[in-house]
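S.K.: Sharing a structure here in structure tokens format.
The values are calculated or read from the model by the stated rules, or taken from the named source; none is laboratory data. None of the values given here were measured: they were computed from a predicted structure. Cβ: placed from backbone, ideal geometry, glycine included. Neighbour counts: every protein chain shown. Only protein heavy atoms, including side chains, enter the accessible area calculation; ligands, DNA and RNA are left aside. Shrake-Rupley method; radii C 1.70, N 1.55, O 1.52, S 1.80 Å.
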Amino acid sequence: MLGTLEKAGQVLDLYSDERPEWGVTQVAAALGIPKPSAHHLLVSLAGIGLLRRMRGGRYRLGFKALALARLLLRTTPWREAAEREMPALVAEFGETVTLAALDGPRLVCVARLAGTLPDSLRLSDSEVGGAVVQPHCTSNGKVLMAFSSGERAQRVLQDQELTRFTENTIVTPDELASELERVRSQGFAYDVGEFREGVCSVGAPIRNHLGEVVASLSLGASVGRFYGRKAIYRTAVIRVTERISIRIGYNPTPLG
């Protein structure tokens, strides 16, 4: 049963904006499994609404996935708390603010609020709920990796090739491990043009009532403006994430 669930998850992971439709032969080849097994997985997932069969025997994501995603977002308390604070941060600086969480080894954009300045960082609607496969190149990703369990962070380091997106991207495990240690020590993370040329960001953790880091919030800006206001942005993001954390039950000064 567990093996079947893992395979079903692998099937769902195949879907992307670039490839929204898959057939039995393609799934079998991508996962290295027999075609009858691939057919069984696709039919089973279609049967519970996570996939839907199209003409020609190919499959797309089903609307059950959308319903589950909406339910997840509605029942995630830190998302609602964060979305109450994000507009004020955008209004103060005119920069784009992004809320993110880890889904296994992947970084997921949970919510974003676009900046109001002409050259503010823009995110397409498809990026909300979408996964940046590797979290090593963003401030939110670094925060979430740094404050994850050592086992989880190690899995990210071991299971993924650290892709270079720009000349500033960290691409060696040792360098990334040092960066994550620095993030843990200082309590925030920077992305200095590591994912997109000319775009920088600063992110800080959101903690729940147990003190666990459950999400990260970042502010992104063009490189010229970012370096001119780096300390101001950092202070503001930390202030907002601390306020969100308190909203969801975190006590920054526990008794005892």
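S.K.: How many angstrom lie between the C-alpha centres of the stretch 224-256 and the stretch 160-194?
M.R.: Using only Cα atoms, the two centres lie 21 Å from each other.
S.K.: Where a Cα-Cα gap under 21 Å defines reach, which lysines qualify for LYS35, not counting those fewer than 8 residues away within the same chain?
M.R.: Excluding near neighbours in sequence, the set is LYS7.
S.K.: If amide H atoms are built 1.01 Å from N in the plane of the peptide, which residues on other chains or at least 5 residues away come under 5 Å of the amide H of LEU107?
M.R.: The list, which skips near neighbours in sequence, is VAL132, GLN134.
S.K.: Going by average Cβ density within 10 Å per residue, which order do the peptides 48-58, 204-214 take, highest to lowest? Intermediate values should be presented prior to the final figure.
M.R.: Details: 48-58: 13.5, 204-214: 19.0.
Highest-to-lowest ranking by the protection proxy: 204-214, 48-58.
S.K.: Could you please state how large a percent of the accessible area of the stretch 1-46 is carbon and sulfur, counting protein chains only and using a 1.4 Å probe? Intermediate values should be presented prior to the final figure.
M.R.: On the way: 1620 of 2700 Å².
Using a 1.4 Å probe with all protein chains present, the stretch 1-46 comes out at 60 percent carbon and sulfur.
S.K.: Under unit Cβ charges (Lys, Arg +1; Asp, Glu -1), what dipole magnitude, rounded to 20 debye, does the stretch 190-244 have relative to its Cα centre?
M.R.: Values: 8 positive and 5 negative charges, 58 e Å.
Rounded to the nearest 20 debye, it is 280 debye.
S.K.: Skipping prolines and chain starts, which residues have an amide H placed within reach, meaning under 5 Å, of the one on GLY94, given they are 5 or more residues away or on another chain?
M.R.: Those qualifying (amide H under 5 Å, at least 5 residues apart or on another chain) are THR116.
S.K.: Same structure again: Roughly how many debye, to the nearest 20, is the charge dipole of the stretch 160-256 about its Cα centre, given +1 on each Lys and Arg Cβ, -1 on each Asp and Glu Cβ, and no other charges?
M.R.: On the way: 12 positive and 11 negative charges, 137 e Å.
Dipole of the stretch 160-256, to the nearest 20 debye: 660 debye.
S.K.: On to the next question. What is the gain in length, in nm to one decimal, between SER16 and LYS230 on full extension, counting 0.36 nm per residue of separation less the C-alpha to C-alpha distance? Could the numbers behind the result be given before it?
M.R.: On the way: separation 214, 0.36 × 214 = 77.04 nm, distance 3.44 nm.
Between SER16 and LYS230, full extension yields 73.6 nm more.
S.K.: Which one of LEU219, ALA236, TYR190 has its Cα pushed farthest toward the positive end of the charge dipole of the stretch 180-256, where Lys and Arg give +1 and Asp and Glu give -1 at the Cβ?
M.R.: Farthest along the dipole direction, towards plus: ALA236.
S.K.: While we're here: Would you please put 242-248, 16-22 in order of how densely packed they are, using the mean number of other Cβ atoms within 10 angstrom per residue and starting with the highest?
M.R.: Details: 242-248: 19.0, 16-22: 11.1.
Going from most to least packed, we get 242-248, 16-22.
S.K.: With a 1.4 Å probe and every protein chain left in place, work out the accessible area per residue of the stretch 160-256 in Å², rounded to a whole number.
M.R.: Accessible area per residue, the stretch 160-256: 51 Å².
S.K.: Carbon and sulfur atoms: what percent of the 1.4 Å accessible area of the stretch 188-241 do they account for? Before the final figure, lay out each step's value.
M.R.: Numbers: 1150 of 1990 Å².
Exposed carbon and sulfur together represent 58 percent of the surface.
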